[in-house]
1. If we scan the stretch A:46-58, do we find a residue that is outside any helix (DSSP H, G or I) and surrounded by fewer than 21 Cβ atoms within 10 Å (Cβ to Cβ)?
2. B:Tyr17 is checked against (1) touching a Ser or Thr at 6+ places or on another chain (Cβ under 8 Å); (2) not in a loop (DSSP other than H, G, I, E, B) and fails just one. What number does that condition carry?
3. Looking at A:Arg92, A:Arg34, A:Arg105 in this structure, which one is of a type in the set (Lys, Arg), within 14 Å of another protein chain (Cβ to nearest Cβ) and surrounded by fewer than 18 Cβ atoms within 10 Å (Cβ to Cβ)?
4. Return only the number of the condition from (1) assigned to a strand (DSSP E or B); (2) within 11 Å of chain B (Cβ to nearest Cβ); (3) of a type in the set (Gly, Ala, Ser) that A:Ala85 does not satisfy.
5. Among the residues of the stretch A:909-950 satisfying the criterion of being among the aliphatic types (A, V, I, L, M), surrounded by fewer than 16 Cβ atoms within 10 Å (Cβ to Cβ) and in contact with a strand residue (DSSP E or B) (Cβ under 7 Å, 6 or more places away or on another chain), which is nearest to A:Glu648 (Cα to Cα)?
6. For residues in the stretch B:42-70 being more than 9 Å from chain A (Cβ to nearest Cβ) and under 13 Å from A:Leu59 (Cα atoms), which is surrounded by the fewest Cβ atoms within 10 Å (Cβ to Cβ)?
7. Take the stretch B:71-84 and flag every residue that is in a helix (DSSP H, G or I) and more than 10 Å from chain A (Cβ to nearest Cβ).
8. Does A:Val534 satisfy the condition of being not in a helix (DSSP H, G or I) and not polar (S, T, N, Q)?
Amino acid sequence: MSIYRFVVHFTNFDPRSARYLSDAHALGFHNLQRIKCQDLYFIEGQLSQKELQQLALKLLTDPVTQSASWAELPAPPSALEPGTAIVEVSLRPGVTDPVAHEIIRAAHELGFGGVRRAATGQRFLLTLDNESASTFIDSANKLAAQLLANPVIHCWVVGEIAPSFLQEMESSGAVEIISICNLTDEELLALSKDRRAALDLAEMKAIQSYCVKENRELTDAEFETIAQTWSEHCGHKTFKAKIELNDGREINSILKTYLKSATDEINAPWVLSAFVDNAGIIDLDGENEVSFKVETHNHPSAIEPFGGANTGVGGVIRDVLGVSHKPIANTDILCFGPQNVTFDQLPQGVLHPRRVMSGVVAGVQDYGNKIGIPTVNGAILFDEGYTANPLVFCGCVGIAPKGLHVRSPQKGDRVIVLGGQTGRDGLRGATFSSMTMDAQTGEVAGASVQIGDPITEKGLIDVIVRARDLKLYHAITDCGAGGFSSAIGEMSSAIGADIELQNVHLKYAGLAPWEIWLSEAQERMVLAVAPEHVAALQELCDTYDTQLTDVGEFTGTHRLVVRYAGKVVVDLENDFLHDGIPQRQLKAVIRDRVIDNQEDPLISNYQLPNILLQLLSHPNIASKASVIRIYDHEVQGGTVIKPLTGVEADAPSDASVIHPLGAKGLAGVAIANGVNPEYGKRDAYRMAFAVVDEAVRNLVAVGADPERIAILDNFCWGDPLCPETLGSLVEAARGCHDAALLYRTPFISGKDSLNNEYMGADGQRHAIPPTLLISSIGVMQDITEAVTMDLKEAGNELYLVGKFAPTFGGSHFSLVTSQHKNESVPDVNRITPQVYKALHQAIKAKLIRSSHDLSEGGLAVAAAEMCIGGRLGIDLTLDRVPLQTPLSLFGETTGCLLVEIAPANIAAFELIFKDLPLIKIGQVTSDSILKFGDDAILVGSLANAFNPSS
Amino acid sequence: MKPKALILQAHGTNRDYDAAEALTLAGADPEGVPLNHLRSGKKHFGDYQMLVLPGGFSYADALGAGKLLAIDLNTYFVNEIDQFVSAGKPVIGICNGFQALVKSGILPGERLENSKQRVVHSAVTLTFNSQGHFECRWVTIMPVSQKCIWTKNLSENITCPIAHGEGNFQTAELFPLSSFFKQDQIALTYIHTDGSPADGEYPANPNGSVFDIAGICNPQGNVLGLMPHPENHIHPFQHPNWTRGANHHSGLALFQNGVKYASNL
């Protein structure tokens, strides 16, 4: 069988090449003069010259812009011009390659039946200046390693690469028996470490007792099943642990004490599902319900940013499918290291933050755009603590008619798998995400990285929404971390199941039974389907090109039984698997918080306009338009308030508002978030309070009803075995609890990602700042009442509503000036919920022309953003604020918004705010100048500072 | 009778519901039809008066946007679609649908001389945006062609979003673009918000298309392909500046035009 190599290149202009060149320069490869990117295709088969020509013309090129050359392998190497080198990159065997799959399918469709296998790659022609022959190859290799390829998923060579087809392998039913019964404590711990199980001694001993009780050893598949089910990722051991505090108190489960208890106490009738399903669910309009889930995909994104973020998005969409909802919006909150670090500042084995960011953003874009879900809300934050541990929070909102989601597999139901095929991808992802990373993690955990296939998941949406309406299943869940072991394990926890792994469709042969069982291959859902409904489901699957596999039965035996070719490889008691994990006993130390009023003396000679411009161009505050615009935020036609708004559509909205297709009348949802690691570093309790406040305030700003807001928590912390780290986690959870009760905003879902630490080669631990993301969703009965943040009309009055209590602790002012670092972070005033209710009343009465929340950068940044939005000016009258000017302008506070009122509505507005904190703080002007005191800045200058590219 | 519109659902189509909503509002009776139902004979092109190829990422844009869907169209449905087009029924391809129409040769719809056979490898294409990446932003487009049944007599410019990475309309060097002008095949062009021609200027022309072309039609005028999404501006609250008083739904008129035409067939 011959193998042909096709090289496809653009005849005139290739936009990719310019991007690679600028990325290379930004990474410090200044002697790279030119880079040309070409596509490589390897096709194996029996093909005539004419067929090869036709394949190139009809399938592999765009004849208007590209041309192709091809040769049968082995071929003589290409002639190179002096000063140039070739780097060729291809996917490692086994890494999902959807293009290769399509080449074979389409070639057959076009009548080229001789095409047997295909693989893809990329070829880069590099022109380097001032390089001696000896350093030339080194430079090309370095560029490949740092920009063009990622060894986790790619092979590359300087020169021409050989195609990497998967080797044919024998199917394997090999099962290893793991001796546990007679191990000593040290041996138990060594076993946990060897198999990367991340289990502690108490947990290993619980497994040992089970073995002793059943009088047998475990198979590898059984051990791995337990390790996944008991992982931090699946089991939330820290959040369920008994924690002894340094002040003598004891907390029995953070989750129960602080999060669920708040939801229970609020007891909102419109919360339809909290903490039990894959996603939280609330009532939308009496006829429909909406769901919301936010997940993290941090560790995978650290080692393979594109694939990690890509599958993070895919995973959270499946959570929404797991409650039988149609996905209608995505969110993403991303935390990266500073983009300008040099390579020698990076811990060994860590990807450059620029590369992490571009890969993550591309991964989010690829999945969301292709599957057709608008990405409508997010944030991007930068901090040194995220250099080795980037954070990727992916959220998804769904909609369904009320009450159609079902949750009870019946005895005799078939265990049906829908979607993608199973390979080695993502093995041990759940335990991997529960460990500290080091320089080896990339290599050892390479298999933990998955590549997504959004079109396959689109097929799942098409099938599941219809199957739900036809009532074809009794229960559904997604395959996430832990693969089948976790999905089928959880689903059958109340009933039991009997699975035959040989029925599973594999991407390639050769997987051991435990690998099939644990694989985290993407785009798979598990359904419980009565035997009489399988045919109807199969028909739906055929229509939408989705694979259906019957892998077993729900039994009623209360045991999880898994076979390979009939031979039992797992036989575990459900009770042990799901409830046998011993509660962790942990210790936490709560540090004293920085004391209030420890303010540094104010320096009087600040250049206030300069500070404002510095703040507007600070990476955390500056416009994220270059990222927002590469996400499709319009698909599905329901994006009523868009992420960017205003006259020039370049000002940041507080929240997005979605009017989903199918919602009753003009009902819709608003979506926002709050996150603040700067506060987290100083005071976890107040940070939590402040971010709940911000998540709520963002929604209120656009017009959501403050009495119909639900929130989600995502905790990203360091190692919980470190008592101080755990102490700040406890404090943050306590803050969440108290804030939720104050605002009457129930938690409906949550997730934690701990162990976000990286062990450097120097033995130093690099941990992230305590990062709590609060995502919020609010219901609106009439989306045409929504308000945007851009100034509307000169002559209108500007009011500051809410208790204005600015401080510099954790502020962005202190970041850009390096002053006032030790002050306390903002507290929340008890009156704030009343302020929000009053504002909502004013919005319903159509008294508010624009509103914007005060967040990073304080009053001045909020006012500047409103000016940018409306391309109008503001004359700020600070003399009504009894504070020194820098503090009023740049100090940060909770609970406050700026609102714009037309003169005719002032009386009605002031009446609503009678007895509430309110300051008339300025006037909207037509001269496009922001004035405060003796200072003035043109709105054009503000916009230039805020939009770094313009 | 409302005209029945076939909304083709291919593997990776995702703006099918958006298009259905626009057609419903415009007075048609839309039906999402999976490509596999057309292949299996469960559904037939001939039972519909309009054909819509909606936006999305058919086959994940593998090997070029719209390319593999175009191969499907030419492999499985070449006669059905040719009959549909020759019968003068309205056809519209939006975004990925436009890409598929172009890459299958249904647009610009050249015929071999003295033959009914369609030229498949046409000399026009939709290639990567000149900015080098996918982009989602609102644009203003001007209806130009009076031959095109979708854009004829539209009095208002259309504002609507684009959301694509491969929308840069280009022709092979030797292709006589003048024939487009002669045959009135330039259906829509990108313009500045003040109505002046974009003249290639980014972002008014968001992708670098030659002559600011946003959409073209076949010589007969019944097949329209365009990159922007008029189906996403059919309600006033979709407009980016509705909170500043903008009160339009300028994408709807285009669909109303097509539906009216289909009703009179």
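1. For the stretch A:46-58, residues outside any helix (DSSP H, G or I) and surrounded by fewer than 21 Cβ atoms within 10 Å (Cβ to Cβ): present.
2. So B:Tyr17 meets the others, but not (1).
3. A:Arg105
4. That leaves (2) as the condition not met.
5. So the residue we want is A:Leu938.
6. Here the residue is B:Ala70.
7. Passing the criteria: B:Leu73, B:Val78, B:Asn79, B:Glu80, B:Ile81, B:Asp82, B:Gln83, B:Phe84.
8. Spelling it out, it is not the case that A:Val534 is not in a helix (DSSP H, G or I) and not polar (S, T, N, Q).
The values are calculated or read from the model by the stated rules, or taken from the named source; none is laboratory data. These numbers come from a predicted model, not from an experiment. Neighbour counts run over all protein chains shown; Cβ positions are idealised from the backbone, glycine included.
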